[in-house]
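Contents: one structure, followed by commentary.
The values are calculated or read from the model by the stated rules, or taken from the named source; none is laboratory data. Since the model is a prediction, treat every value here as computed from it, not as a measurement. Here the Cβ positions follow ideal geometry from the backbone for every residue, glycine too, while neighbour counts run over all protein chains shown.
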Amino acid sequence: MKKISATKTNNQTKIALLLDALKAIFKAKDKRFLLASVLLHIVLFSMLLISWQNSEPVKISSIPNSVQARVISLDELKALREKREAEQKKQIDKKNAQKKKQELKRKKELKRKKELKRKKELKRKELKKKKAREKKQEAKRKADEQKKIQIKKKQREKRLKEEQKKKEEERQKRERLEKIKQEKEQVKRQEREQRLLEKMQQAELETQRQFEAERVAKELSRQQRLSQEQELNEINKYKNLIRLKIKQQLHYPPKTKGLKVTVKVKLFSTGELASVTVIKSSGSQALDRAGLSAVRGVVKFPLPEDQALVDREFREIVMGFISP
Amino acid sequence: MKFDSLKPITALLLSGLILTGCESMDTQDENADVDVPEQGAADAGEAGSDSGAETYGAPDEPEVGAAELAAQNAKEAAMKEQAALREMRTFYFDFDQSSIKVEARASLAAHAEFLATNPASKILLEGHCDERGTKEYNIALGERRAKSISKFLVVNGVSRSQIEVISYGEERPANAAHNESAWTQNRRVYIEYK
Amino acid sequence: MKLKFIFLSLFLFVQSVQAELYIEIREGSDSALPIAIVPFANKSGSAVPYDVSRIIANDLQRSGDFDALSTSKMLSLPEQYDQIHFRDWRLLGQKYVLIGQLKYSAYTKKYEISYELIDVLTQQRVLGEVLSSGSKGLRKLAHKISDAVYEEITGVRGVFSTKIAYITLKQLTKNKQEYRLFVSDADGQNAHMIFKSHEPMLSPSWSNDGQHLAYVSFHTGRPAIYIQHVKSSHQRKVTSFKGLNSAPMWSPDDASLVMTLSKDGNAEIYTYDLATNALNRLTNHYGIDTEASWSPNGKEVVFTSDRSGRPQVYRMNIKDKVPERLTFVGKYNARPRFSKDGESLYYVHQSNGGFHIAAIDMKTSEQQVLTSTSLDESPSLSPNGRMIMYSTLRGNSSVLAVVSVDGGAKYFLPSDSGDVREPAWSPFLN
C-alpha cells in the first residue's frame, strides 16, 4: 500500500514537475511567439516597402515609348555586348588551350603510372607466388640453410628494395598530390581571376547600363511630356466639341442669370449617353431641367479615337451650366 | 411804355427796309430778348421784313399819294402793314427748342400791339411739336413754346387775361408726313383769335 | 512608413478626383426652345370656333422663348400618349410635344379640353390637365394652357392671359379725327373700345389691381386726367388744373397717382392722393419735369427732365426730393419705366437721329439699345418682366411692337388701320 502511494505521490510529483516544465515551456513559447510575430511584422513591412518600390518602375514601363529610340539603344547595347563576348571568348579559348595541354600531360602521367601499377601488381602476384613457392620450398630448404640465409638475404635485400620502392612511391605520391594541389590552386586562382574579371566586366556593364538607362529615361520623359501634351490637346479638343454639341441643345430658361447647375454625365464608349444626373441643383427647376435636357438631346457625344483615353477621361464627365 | 415811343421808328424801319432783305444774326437767346424789349422790337423790325414778305406773301407796297396826304397815307400804310404782319399766325421752332426765332418777332410785335390796343380781344396759343421724342415730354414742350410766345406778348403790353395756352404736343400735326419738312412745319405755336 | 503609405493613398485618391473631366457651359443655343404643338384632335363632332392649339402655338412663338414647330413639318399628329413616335420628334429636334383633344358636351354646352405636355427626351409627361369652357371662353382657355406650358418649362409665369390697353387714332376727314382707348388680350385679339373722343387721348396706365385705367383726355377741349373702371366703363375725372394734366401713373399700392401739372408755372411732377385729393409737389425747376414712373417699392420715382438743357432721365426719392441724373449717353433719354426687379430702366433713347427703346442697368449704368425700328416710343413692360411692348412707325402709321428685354424676340401686333399707340401692359389678372 505504502509502496503504491509512494509511487503515486512519485507520479504526482512527476506530473507536477511536467506541468511546471510545460508551463515554463509555454512561457518560453509565449516569448517565442512574440518574437516570431515581431519578426513576421518586420518581414511583412519590408515586403510591402519592397513591393512599393518595385511598383514604380513597373509604372514607367507601362508608359508607351517610341519604337525607334528603343532600337537604337538595343543596337548599341548589342554591339557592346558582342565585342565584350568576343574578348571573353578569346580569353576562355586561351585558357582552354592551356588546360588541354595540362590535361594531356596529366593523362600521359596517369597512363605511365597505371602501367607501373599494373607491373607492380604483377610483380606482387609473382612475389606472392614466389612466397608460396618459397614456403613450400622452406621445408626443402631447411637443410639448405645457406640457401635459406641467401634467400633471407635476398629477401632482406628485396624488402629493402621494396622499402626503397615504397619510399619512392610515397615520394612520388606526395609529389603527385602536391601537383594536384598546385593544379587545384591554379584552377581556383584562375576561377577567382575569372570571377574578378567577370565582376569588373559586370561593373563596367552596370555603369554602361545605368548610363543607358538614364539616357532612355530622359528620352522617355521627353516623349512622355510630349505625349502628355498631345493628350491634353486631344482632351481639350473633345471638350470643346462636346461643349459645342451641348450648346446647340441648350436653351437657358429666362431669369436664371448667374445660376449654375452641375450634372454628372456617364457615357458608353460609343459616345452614347448612359446616364445623366444632377449633382448640384441650381435652385431653379427650369434650369436643372434645361441642363439635363441639353445632355439628353445630344444623340452621340464626340469622343477621341484613343479608346484608352476615352475610358480614362470621357466615360464620366461633370458639366456645369451657368446661365448667361 | 418805352415800346410805344419806339413805334414810329419801327414802322419807318419796316417800310424802309422791307425790300432790302437783310439776314439777321441769330441770337437764340429768347430770355435776353424779352428782358430788353427795345432791342427785341428792333430785331423784329429788321428780320420780319424779310421772312414775312417771303413766307406769307407781303402785301403790295402802298402807293405814296399826294404830298399833303403823305403823312396820313404813311399812317394808313403802317396800319395795313400791321394788319399784314398779323396775318402771320403760326410761329416755328427748332427741334426741342422753345425760343422764338428772330424772324417771328415783327409779327409777334404786331399781334402784341393789336391786343394791347384791343383789350377785349382774346387769343388761344396752341403749342405743337413734331412727332419725334416722347408724347408727354412733347406735351410739356408744346406748352413751353406757347408760353414763350405768351411771355413775349405780355412783355409787349398784352394782358395775361387775354391769353390762353394749350399744348397738343405731337397730336395735331400740320403735316402728317414723317419727314424733315413735315417736322419743320409741325414744330409751331398757333395764335387763334377768339 | 505607415504614415507614408497613408499619404500616398490619399494623394492617389485626390489625383483620381481631379482627374474627372469637367466641362463648363456658359452659352446656349441662339435659337429658342423647340416645341411641337400638335393640332388638338376635334372630337366634338362639329367645327370649333377657335383653333385652340394654334392660339397656343402663336402664344409660345411670340414669347421668343419658344420655337413652335410648323404643323406641315410634323410626321404624325398623335392624339394621345401611346401614339407618340418619340424617335420622330427627336429627329425633328423637338424637346417637348403638346398633344390634346377637344370634346363637346351637348348637355352642359361646354367644350372639354384635355392636354398633355411630354418631354421628348425622357418620354415623360410633365404636365396634363382637363379644362372646360363655353365656346366664347375657348380663346381664354388657350391662353391659360399657354401660360401653364410656359411656366412649367421656363419657371417664369406666362403673360398670355394678360391684357393690354392702347390708343388708336383714325383720321375721319381732313380736319376730323377720332381717338379710341382699347383693351385687348395681350396678343392684340379680342379688343374692346372703352372710350373715344375727337380730341386727343394719351397716357393710359393700369392700376396694379388690373381693374382701372388712368389716362389723359382732351374731350372737354382741355386736358384732364381720368380714371375709368375697365369692366363697368365708369369714368371719374381726377384733375383738370389750368395747363398741363399729363402722364398719370399708379403707385404700386394704387393709393395715389404720380402726374405732371403746370398749374404752378411749368411742367412739374406731383403725387396725387386718390383718397384725400392731396397734392404733393416733387420737382421745382424751370425746366420740363414729366413722365414720372414709380419704382417697384413705391419709394422713388424716375422721370424726364430737361434741366440740363436736354431731356434726360432722373431719379428722385419722394421723401427727400433730391433729383439724381441717371442717363448720360445721348442727347435725348426720356419716359423711363422701371424693370420689375427695380434694377433696370427702360426708356426712349435717341441715337443716330433715330428714337429707340434702350435699357440701363442701374448698378453699372451700362446702356443697351433694344430696338432698331424707327420712332420707337412708349415702352411698357410685361408683368413677368420678359417683354417690352412699344409703339413704332411702320410704313406711314404707328403700330405696336414687342421686343424681349434681352433684345431677342421681336414681333408686331396686328392693326386694322390708322395709328396704334401708347400700349400699356396690364398686371397679372387673377
| said: Kindly evaluate C:G395 against the criterion of being modelled with pLDDT under 90, within 14 Å of chain A (Cβ to nearest Cβ) and out of contact with any Gly (no Cβ under 8 Å at 6 or more places or on another chain). | reply: no
| said: Being within 14 Å of chain B (Cβ to nearest Cβ) and within 17 Å of C:N277 (Cα to Cα) is the filter here; which residues of the range C:217-238 pass it? | reply: C:A224, C:I225
| task | Scan the range C:284-298 for residues that are surrounded by 13 or more Cβ atoms within 10 Å (Cβ to Cβ) and not polar (S, T, N, Q) and jot them down. | result | C:H285, C:G287, C:I288, C:D289, C:E291, C:A292, C:W294, C:P296, C:G298
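Just to check your reading of the model, which residue among C:L33, C:L60 is hydrophobic (A, V, I, L, M, F, W, C), in contact (Cβ under 8 Å) with a residue 40 or more places away in the chain and within 8 Å of chain A (Cβ to nearest Cβ)? Write out each step before concluding.
Values: C:L60 fails: within 8 Å of chain A (Cβ to nearest Cβ).
Being hydrophobic (A, V, I, L, M, F, W, C), in contact (Cβ under 8 Å) with a residue 40 or more places away in the chain and within 8 Å of chain A (Cβ to nearest Cβ) holds for just one of C:L33, C:L60, which is C:L33.
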| note | For the range C:299-313, the count of residues that are part of a loop (DSSP other than H, G, I, E, B) and surrounded by 15 or more Cβ atoms within 10 Å (Cβ to Cβ) equals 4
| query | Out of curiosity, is C:D273 of a type in the set (D, E, K, R) and either in contact (Cβ under 8 Å) with a residue 60 or more places away in the chain or within 10 Å of another protein chain (Cβ to nearest Cβ) (or both)? | reply | no
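Going residue by residue through the range A:247-257, is there one that turns out to be exposed (fewer than 12 other Cβ atoms within 10 Å of the Cβ), of a type outside the set (A, V, I, L, M), within 14 Å of another protein chain (Cβ to nearest Cβ) and touching a Pro at 6+ places or on another chain (Cβ under 9 Å)? Walk me through how you get there before you give the answer.
Let us first name the residues in the range A:247-257 that are exposed (fewer than 12 other Cβ atoms within 10 Å of the Cβ), namely A:257.
Remaining after also requiring of a type outside the set (A, V, I, L, M): A:257.
Those still in the list that are within 14 Å of another protein chain (Cβ to nearest Cβ) too: A:257.
Checking which are touching a Pro at 6+ places or on another chain (Cβ under 9 Å) leaves us with A:257.
Yes, the conditions are met somewhere in the range A:247-257.
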| query | Which condition breaks for C:G342 when tested against (1) surrounded by 13 or more Cβ atoms within 10 Å (Cβ to Cβ); (2) under 27 Å from the mean Cα position of the chain (by Cα); (3) under 29 Å from B:E131 (Cβ atoms)? | reply | (3)
| Would you call A:K264 touching a strand residue (DSSP E or B) at 6+ places or on another chain (Cβ under 8 Å), on the phi < 0 side of the Ramachandran plot and not in a helix (DSSP H, G or I)? | yes
| query | Would you say A:G271 is small (G, A, S) and within 11 Å of chain C (Cβ to nearest Cβ)? | reply | no
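In the set C:A214, C:A255, which member is in contact with a Leu (Cβ under 7 Å, 6 or more places away or on another chain), farther than 22 Å from B:E171 by Cα and assigned by TED's automatic domain parsing to the domain that holds C:E300?
Result of the check over C:A214, C:A255: C:A255.
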| query | Has the range C:96-116 got at least one residue that is surrounded by 18 or more Cβ atoms within 10 Å (Cβ to Cβ), aromatic (F, W, Y) and at the interface with another protein chain (Cβ under 10 Å from one of its Cβ atoms)? | reply | yes
| remark: the range B:106-194: strands (runs of 3 or more DSSP E) wholly inside it with 3 or more residues that are within 11 Å of chain C (Cβ to nearest Cβ) are B:163-169
| Quick check: anything in the range C:266-278 within 19 Å of C:P323 (Cβ to Cβ), polar (S, T, N, Q) and in the same structural domain as C:R337 (by TED's automatic domain parsing)? | yes
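Mind telling me which of the residues C:Y179, C:Y150 ends up being hydroxyl-bearing (S, T, Y) and within 14 Å of chain A (Cβ to nearest Cβ)?
Unique residue meeting the criteria: C:Y150.
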| query | Of all residues in the range C:411-430, which are buried (at least 16 other Cβ atoms within 10 Å of the Cβ) and in a strand (DSSP E or B)? | reply | C:Y411, C:D419, C:V420, C:R421, C:E422, C:P423, C:A424, C:W425
| task | Just give me the residues in the range C:325-342 being among the charged types (D, E, K, R) and facing chain B (nearest Cβ under 10 Å), in sequence order. | result | C:K331, C:R335
| C:I167 fails exactly one of the following numbered conditions: (1) on the phi < 0 side of the Ramachandran plot; (2) more than 18 Å from the chain's Cα centre (by Cα). What is the number of that condition? | (2)
| task | List the strands (runs of 3 or more DSSP E) that sit entirely inside the range C:75-194 and contain at least 1 residues that are closer than 30 Å to C:S378 by Cα, modelled with pLDDT of 95 or more and among the aromatic types (F, W, Y). | result | C:163-171, C:177-185
| field | Which listed residue, of A:D288, A:D311, is more than 8 Å from chain C (Cβ to nearest Cβ), in contact (Cβ under 8 Å) with a residue 24 or more places away in the chain, surrounded by 14 or more Cβ atoms within 10 Å (Cβ to Cβ) and out of contact with any Asp or Glu (no Cβ under 8 Å at 6 or more places or on another chain) | value | A:D288
| request: Give me a count of the residues in the range C:264-283 that are surrounded by 13 or more Cβ atoms within 10 Å (Cβ to Cβ), part of a loop (DSSP other than H, G, I, E, B) and either of a type in the set (D, E) or modelled with pLDDT of 95 or more (or both). | output: 5
